[in-house]
Amino acid sequence: MWLFKRKGPSGFSSSSTAEEVANGINGSGLTAIVTGASSGIGSETARVLALRGVNVTMGVRNMVAGKQVKEAILKEIPSAKVDTMELDLSSLTSVRKFASEFTSSGRPLNLLVNNAGVMATPFTLSKDNIELQFATNHLGHFLLTHLLVETMKKTAREMKREGRIVNVSSVAHRFTYSEGIRFNKLNDKEGYNSWAAYGQSKLANILHANELARRLKEDGAQITANSLHPGSITTNLFRHLGVFEGFLSTVGKFVFKNIPQGASTTCYVALHPQVKGMSGEYFSDNNVAKPSLKAADTDLSKKLWDFSMDLIK
């Protein structure tokens, strides 16, 4: 991507790569979970965190692809501490199994990167009978965070080091249904719009992070929660777009970010000292940005929290 390179207050820009924003940072002693780490910006996030010394657990739906990414990381970085665990965010049972296995292992947890997602899928219900994009992009991560937050609090207390929760959202959160979150029409097939449903799920990512940040602060926990737009990136998220996928892949290298650039804001928010103590913020191009008015609606974030809690019972 070469069209927009102006640096922001952080000293980084849209063209900064994940390695650049994490340059010189020592992540030794930190433990992270990265969801959706078997491809795209998830695998690059895992690689760069491992490169900086972080012990990384990759939560992946496709274990074969996940193990290939792990092997590639170890080949490049023989000293890397990286592992794979099966995790299907569209299944609440899978999320509970993953969280149970991770917590029972006794491992600490400093960083939780909620990255996995699907985009603009045809109308589909998850195994739990919830619209697939909402189920995968928001609810699975909501439950995962809910189940792991006590481990993160314990780790922060014992290590006396700030924990960070990072929700990978999208600028698409601005292009949701008119009501923002369709609480009463979540599974309405007739009114379903694949792009609006994607925007809804990405809006939910921001609202979740904001309400989580408020609750963590109220609780006095040394954990921050933030959300971000990684940028427009040519990844396999475009696989549901048919012939348009080929067009995007062709022109994308001229107007979109590449994967190292796309993973940069995630790595910046997860690791950089500049972000210490910042919580409930939305980032884009490695700098603080302003989300939509709906994303900043505290009443909507509280309503989504209660709605999500009911769904995971």
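The values are calculated or read from the model by the stated rules, or taken from the named source; none is laboratory data. Please read all numbers here as calculations on a predicted model, not as lab measurements. Virtual Cβ from ideal backbone geometry, glycine too; neighbours counted across all protein chains shown.
Exactly one condition in (1) surrounded by 17 or more Cβ atoms within 10 Å (Cβ to Cβ); (2) modelled with pLDDT of 95 or more; (3) assigned to a helix (DSSP H, G or I) is not met by residue 225; state its number.
Unmet condition: (3).
Could you list all residues from region 81-112 that are part of a loop (DSSP other than H, G, I, E, B) and either without any contact (Cβ under 8 Å) to a residue 24 or more places away in the chain or surrounded by fewer than 21 Cβ atoms within 10 Å (Cβ to Cβ) (or both)? Let's see the steps before the verdict.
Going through region 81-112, the residues part of a loop (DSSP other than H, G, I, E, B) turn out to be 81, 87-91, 105-110.
81, 88, 91, 105, 106, 107, 108, listed by residue number.
Go through region 290-313 and give me each residue that's among the basic types (Lys, Arg), under 20 Å from the mean Cα position of the chain (by Cα) and exposed (fewer than 15 other Cβ atoms within 10 Å of the Cβ).
290
Quick check: anything in region 265-280 at pLDDT 95 or above, within 15 Å of the chain's Cα centre (by Cα) and of a type in the set (D, E, K, R)?
No; the residues of region 265-280 include none that is at pLDDT 95 or above, within 15 Å of the chain's Cα centre (by Cα) and of a type in the set (D, E, K, R).
Contact list please: Cβ distance under 6 Å, first residue in region 164-193 and closer than 19 Å to residue 292 by Cα, second residue of a type in the set (Lys, Arg), pairs at least six apart or on different chains.
169/202; 170/202; 172/202; 173/202; 180/294
Condition first: of a type in the set (Ser, Thr, Tyr), crowded, with 21+ Cβ neighbours inside 10 Å and within 18 Å of residue 256 (Cβ to Cβ). Now tell me which residues in region 18-57 satisfy that.
Within region 18-57, 43, 45 meet the criteria.
A quick yes/no check of all residues on (1) more than 27 Å from residue 152 (Cα to Cα); (2) of a type in the set (S, T, N, Q):
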| site | (1), (2) |
| --- | --- |
| 14 | yes, yes |
| 21 | no, no |
| 28 | no, yes |
| 57 | no, yes |
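Does region 113-160 hold any residues that are charged (D, E, K, R) and either in contact with a helix residue (DSSP H, G or I) (Cβ under 8 Å, 6 or more places away or on another chain) or in a helix (DSSP H, G or I) (or both), and which are they?
Hits for region 113-160 are 127, 128, 131, 150, 153, 154, 157, 158.
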